[in-house]
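Encoded as structure tokens, the structure appears first; notes follow it.
The values are calculated or read from the model by the stated rules, or taken from the named source; none is laboratory data. Here the structure is a predicted model, which is why all the values come from computation and not from measurement. When we count neighbours, we look across all protein chains shown, and the Cβ atoms used for this are built from the backbone with ideal geometry, even at glycine. Each accessible area value is taken on the protein alone, full model and side chains, heavy atoms only, with ligands, DNA and RNA left out. Shrake-Rupley method; radii C 1.70, N 1.55, O 1.52, S 1.80 Å.
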Protein chains: 6
Amino acid sequence: MFKHEKQLLQEVRVERPNPTYAAMLTEQLGGPDGEMKAAMQYMAQSFRIKDPEIKDLFMDIASEELGHMEMVATTINLLNGHDIDTGAVMAGHIESQVLTGLNPLIANGSGYLWTAAYVNVTGDLAADILSNIAAEQRAKVVYEYLHRQIADRHVRQTIDFLLNREEAHNTLFREAFNKISGTGSTRDWGVDENARLYFDLSTPGKYFDLKNPQPPQFQPPDPGEATGQTQQNRILTTEHDIPQH
Amino acid sequence: MFKHEKQLLQEVRVERPNPTYAAMLTEQLGGPDGEMKAAMQYMAQSFRIKDPEIKDLFMDIASEELGHMEMVATTINLLNGHDIDTGAVMAGHIESQVLTGLNPLIANGSGYLWTAAYVNVTGDLAADILSNIAAEQRAKVVYEYLHRQIADRHVRQTIDFLLNREEAHNTLFREAFNKISGTGSTRDWGVDENARLYFDLSTPGKYFDLKNPQPPQFQPPDPGEATGQTQQNRILTTEHDIPQH
Amino acid sequence: MFKHEKQLLQEVRVERPNPTYAAMLTEQLGGPDGEMKAAMQYMAQSFRIKDPEIKDLFMDIASEELGHMEMVATTINLLNGHDIDTGAVMAGHIESQVLTGLNPLIANGSGYLWTAAYVNVTGDLAADILSNIAAEQRAKVVYEYLHRQIADRHVRQTIDFLLNREEAHNTLFREAFNKISGTGSTRDWGVDENARLYFDLSTPGKYFDLKNPQPPQFQPPDPGEATGQTQQNRILTTEHDIPQH
Amino acid sequence: MFKHEKQLLQEVRVERPNPTYAAMLTEQLGGPDGEMKAAMQYMAQSFRIKDPEIKDLFMDIASEELGHMEMVATTINLLNGHDIDTGAVMAGHIESQVLTGLNPLIANGSGYLWTAAYVNVTGDLAADILSNIAAEQRAKVVYEYLHRQIADRHVRQTIDFLLNREEAHNTLFREAFNKISGTGSTRDWGVDENARLYFDLSTPGKYFDLKNPQPPQFQPPDPGEATGQTQQNRILTTEHDIPQH
Amino acid sequence: MFKHEKQLLQEVRVERPNPTYAAMLTEQLGGPDGEMKAAMQYMAQSFRIKDPEIKDLFMDIASEELGHMEMVATTINLLNGHDIDTGAVMAGHIESQVLTGLNPLIANGSGYLWTAAYVNVTGDLAADILSNIAAEQRAKVVYEYLHRQIADRHVRQTIDFLLNREEAHNTLFREAFNKISGTGSTRDWGVDENARLYFDLSTPGKYFDLKNPQPPQFQPPDPGEATGQTQQNRILTTEHDIPQH
Amino acid sequence: MFKHEKQLLQEVRVERPNPTYAAMLTEQLGGPDGEMKAAMQYMAQSFRIKDPEIKDLFMDIASEELGHMEMVATTINLLNGHDIDTGAVMAGHIESQVLTGLNPLIANGSGYLWTAAYVNVTGDLAADILSNIAAEQRAKVVYEYLHRQIADRHVRQTIDFLLNREEAHNTLFREAFNKISGTGSTRDWGVDENARLYFDLSTPGKYFDLKNPQPPQFQPPDPGEATGQTQQNRILTTEHDIPQH
């Protein structure tokens, strides 16, 4: 059962309306790495989990993502201002202007409507948690892209909060992964010789080889390791920092 | 540039036609965890990778997945037999019978057409590789589900091969992940206090907590570890082994 | 902000597993008239509502629909049983068997994935409430169809509960509609002569005409009217009762 | 059987080309509240209607909506002018410029392709007519949004005509609803106690309550009521009139 | 402007209900090669045609396809019978049973909802007519598949009629193509050396080569040629006749 | 089996970054007439072809289209430059800026994600080859539209190459069509009187009639015919040359 509290998980503000950025931020409401996808993925996966601890974790995070969805939508709402005027939108979808009367759209930044094709569920805990770790990492990246394209102080604060929460979730999902390690699809890994072959099909050049296949397992966190990084600027702000391929 | 060799990556056979299983196997041709998705995801991600070793790895695996696609499609083709007869399909999509003249369909097992919404690309290597690790794990799980629902010896052999190749790819992607560790979106992790909070939003019950957020990092493989598992039956065959949530 | 309580809104049970009916019931999890659509439609519409009473109503119902989603999903989960076996599914999607390991799918009964194209938002309260009244009516109809195709006593009880809740929501939305009557898109109705024309384009035969266009307005409930109907069997059970066109 | 007359239902003109507005107007050709959706919804619903009067009404309106589709498409065509030049499109989809050679696209304003997910059919007359009333109300709202964003006198005239026709259809559908009142899914309303509960799930604040659930029923039009409104400006033109939530 | 005549283009009947075949036949209502796709493709293409003869042809055929849509839908309606009972559907979508109350669905045989992605429009007459010729040929093939899977005499008659109409349209589109030959995208064909190369990328084996590229042009019909074929059975009925790849 | 060679089929360059044109060119990566569609259509069709020569042709062209996909994607990559800045995109999708970190998107120019609904497969060779001829013609047209909207010399060169290759494929598919002429769905054409009727449903005006229906057949190329056209400018460059309907 879900209950709603009218107070946002964290209050949001904007310095001024910015309909173009409203369209851009819609990416995290209804895009493939957005809040609705996260909420629905964790909720859907939880439907068949037996382990009460893992199920609790999934529902805690799913509930929080529903709250993020509300924060993102409220921010979009404020950024859209009060004038229906497609001319004010320089890039991104125009449905807020012609269809929804400035109401946030459940779509990505260009108006592609949310689809459950974004949601990964396999019924195997190891696979599902790995999907969630990847999803959280992608969500962080998208918030980084959005952060560097807005100067509005309040919007940046909201993005900062959300980005850090994705890191928190990511960490928790990895803890859960280590907890279930060796069960389900991570058992009996690489026992067949085909799991040991490397097919060098892209020529010329060969860089990788493969000897001892093991199931995925995350490093247990080392309490002393995190401290040295705090002096760095964690949100990338210049082109040279773009985490390019 | 891609070249095609008429020989399959590994030859496929079937003991006998089985149109229902043909529909089921279509899941791995055009479903969210299928071969086309894998091929297109790695190929798309590779388009902006600068590091030649990582790019080579992605293209090697993408090429192999195209070859898997061909193997899966050829198996579906043989399973469909020679009679157009929807009545022979007990479950799954019927487009092979009414639309494509028994030609494999680029869809999932129930006929939902392949969509690029399945493909995850962020332009950040860490996020993209984590997406790939998760994708390979899910593909393995789906092959396990398919394996236990068919008695046909030849089809099982093909699934075995493909399942083991997903494990090989998974291992390689993790090696690549460790290689780029500490760059892109894995830098500067958890420096904000919001990355350290746990919101206990699903009540009653609290099991997890969060203290020291770290970016994901995989265990380096331990050469001695894999050996103990070989005596286990790696394809699960009874209900009790279902990797349930 | 959303919170989750582990207790279901109302407990659900099944007499026995029934994978075919599990597929059918999926219609109300991820179909066009299902619970997720309802939850997301009311939540999305609420994002720009200013009137605190109306916004409260929308969020009350949206929260409840999230709880319905959980009830429906849990019922599907129980109906799916414990065996992955596509052969046990006589009709409907097979992804529960080949993709999600019996986990409920966010799709309709045939596996068409949920899409935000189901969600109607216009930013105009009158239009949005009319959309919700129609949505609740459709949801009721689908539950009636599902009710008459299952003998399982527990499942019928769950459907009964959900069906009646849709009626309750419908009634509330109409109350809200009457409250905002005469504002937004219901103002200035039929002032242009084109609003008074009837184009008789389907020949032969003419049955309707149009004289005095008025904006929609619902009958205020008459306290004495409901009572006479209780002796009727409100869930239709025979073919002759099918609410055919 | 359908026949086409080369003459438009009402002639359309534009003062001058305006490719950006062409993209915006596409919303009403292939968007969720556009003319194609209306035509296909009423036509699809009519396929199983037995009552000849209701069936006639649905086909009359469906035919007219096909004619509206043609009017909207012709207007888009004129607005697109004669130059393929994506640079002239300041907002909205670019497929008219890169794919269709200025031919109107069956999509919404941002290029999301039309999908039958927009079409609501339940086979229950009450539910279907309520869906149509809601659809007409939404269509009116979208035309209002489009009206206030164009100064072109001829385009405004066309929008005026179409908007008023939606009002006419809305009125007719309500008349039809009252005609079938008490049948199908409107029978036996609120006989179960669950139809009388209000779940107050969004806190703090409670505004609504629910006592006597009744099926929907529209007010019969009062001939004297419409007159007082004609002096109002029925197309909203300033920000303050935006029918905001 | 479109008008509707209540009389079907040709009356349809069924010997007896057959819900499974109803699902199959839905392929030609809302599938990629079905009647709605044809109607919408020709109508959409016509929106920018200047040549009055070609435009007339497109609208004649579009109107007829709308009439076919009605015939197919009516046949599905009759095949669905009067009982909502998913158990009676052995293959194909179940939404007729759980969502639409036996009303035909705008989807393909497995319930994939119609999408404008099926519609090809380029604004170039040569390309558009070639798309139409291909579409008509595919429609014929699907009707052949459907024909051989039903024994119902009346349904076969309807399919026969529709199949022959696709041939008629195909012939007309080719006549139109020859009429516009040498204009638009068929001009200046093969003037660049790259239009003369054959890349032999699938090895081993080379069968084709390319010397003198010419734009497409159809054979003008030879009046004497058709006669010799009438004694053949034009609907293929046995496995050996399946037009396999 | 597919192999990848790191060398592009033909090298691509750009004079300077142009993010707006990058979005436009995405049409040919992931749009309905783009390279991925072509590659997947021919590959999918080939899965059931028995004739080794035709199968070889399909796979040769499918492989080449995969190589085109790579060329188009690499060009988009270069056009996107190095700055994530949605403000630099004047038209088209913004996902490259907010989601993929400038990586090419598998979508059309406005961000509509690639769907297998674009792929036509019938299992009948005649129908499939006609689909391919139409697809190549449309691809040519889209390249013409793109060509005239860019001044960048290098991009034009790439487009020129690709456009000419589509012509080469078109020619080859027609040669294949003539080879299989008279088989499959081209046999027994027009033997029924319904194949000889013309329904004049769009009034007023009648221009076409239909007497002797024949299956499609292409003109065999005449070696002397092509030469006269070389002095013409084959890429249309002014508005007056737009191959308008």
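Structural remarks
- Scanning residues 5 or more positions from C:F2 or on other chains, those with amide H under 5 Å from its amide H are A:E5, A:G67, with H placed 1.01 Å from N in the peptide plane.
- Distance in nm between pseudo-label sites at F:N178 and E:R153 (7 Å out along the Cβ direction from Cα): 4.6 nm
- For the range C:19-187, accessible area per residue (1.4 Å probe, heavy atoms of protein chains only), Å²: 16 Å²
- Distant-in-sequence amide H partners of D:Q219 (H built 1.01 Å from N, under 5 Å): C:Q217, C:F218, C:Q219
- Computed over the range C:19-187, relative contact order equals 29 percent, with contacts defined as Cα pairs under 8 Å that lie 6+ residues apart.
- For the set D:K37/E:K37; A:K206/F:K3; C:K140/E:K6, the pairs lying more than 21 angstrom apart at their alpha carbons are C:K140/E:K6.
- Peptide-level mean, for B:69-82, of C-beta atoms on other protein chains within 10 Å: 2
- Per-residue ³J(HN,Hα) for the range B:22-38, Karplus 6.51 cos²θ - 1.76 cosθ + 1.60, θ = phi - 60°, Hz, x for Gly and Pro: 4, 4, 5, 5, 3, 3, 8, 8, x, x, x, 10, x, 5, 5, 4, 4
- Derived scalar couplings ³J(HN,Hα) [the range A:71-86; Karplus, 6.51 cos²θ - 1.76 cosθ + 1.60; whole Hz; x for Gly, Pro]: 5, 5, 5, 5, 5, 4, 4, 5, 5, 6, x, 10, 10, 6, 7, 4
- In the assembly of identical copies, B:P220 has its label point, taken 7 Å from Cα in the direction of the beta carbon, separated from the corresponding points by 1.8, 7.1, 8.0, 8.0, 8.7 nm (ascending, one decimal).
- About its Cα centre, the range B:91-185 has a charge dipole of approximately 180 debye under the convention of +1 per Lys or Arg Cβ and -1 per Asp or Glu Cβ, with nothing else charged.
- Estimated dipole of the range B:4-74 in Debye, rounded to 20 [Cβ of Lys and Arg +1, of Asp and Glu -1, Cα centre]: 220 debye
- Whether the protein assembly as shown is rounded, prolate or oblate, judged on the alpha carbon gyration tensor where a/c under 1.5 counts as rounded: rounded
- Rounded to the nearest 20, the Cβ-based charge dipole of chain D about its Cα centre (Lys and Arg +1, Asp and Glu -1) stands at 80 debye.
- Inter-part distance, the range E:136-170 to the range C:128-147, computed on C-alpha centroids, equals 37 Å.
- Environment charge at C:E136 (Cβ cut-off 12 Å; Lys +1, Arg +1, Asp -1, Glu -1): -1
- Carbon plus sulfur fraction of accessible area for chain E, probe 1.4 Å, in percent: 49 percent
- Summary for D:G182: label point 7 Å along Cα→Cβ; distances to the equivalent points in the other copies, ascending, 3.0, 7.2, 7.2, 7.3, 8.1 nm.
- Shortest-first distances to equivalent copies, position C:F208, nm, label 7 Å out along Cβ: 2.8, 3.4, 5.4, 5.4, 6.2
- When the surface is traced with a 1.4 Å probe over the full set of protein chains, D:T183 keeps roughly 70 Å² accessible.
- In the E-D interface, the accessible area buried, summed over both sides, Å² (probe 1.4 Å): 4100 Å²
- Legend: mean number of C-beta atoms from other chains within 10 angstrom of residue C-beta atoms, peptide C:10-21, equals 1.
- Backbone HN-Hα couplings from phi across the range F:144-154 [Karplus 6.51/-1.76/1.60, Hz, Gly and Pro as x]: 4, 4, 5, 4, 6, 10, 9, 9, 4, 4, 5
- Ratio of the Cα radius of gyration of chain A to 2.2 N^0.38 Å, where N counts its residues: 1.16
- Part-to-part distance (alpha-carbon centres) for the range F:11-49 and the range C:54-79, which is given in Å: 42 Å
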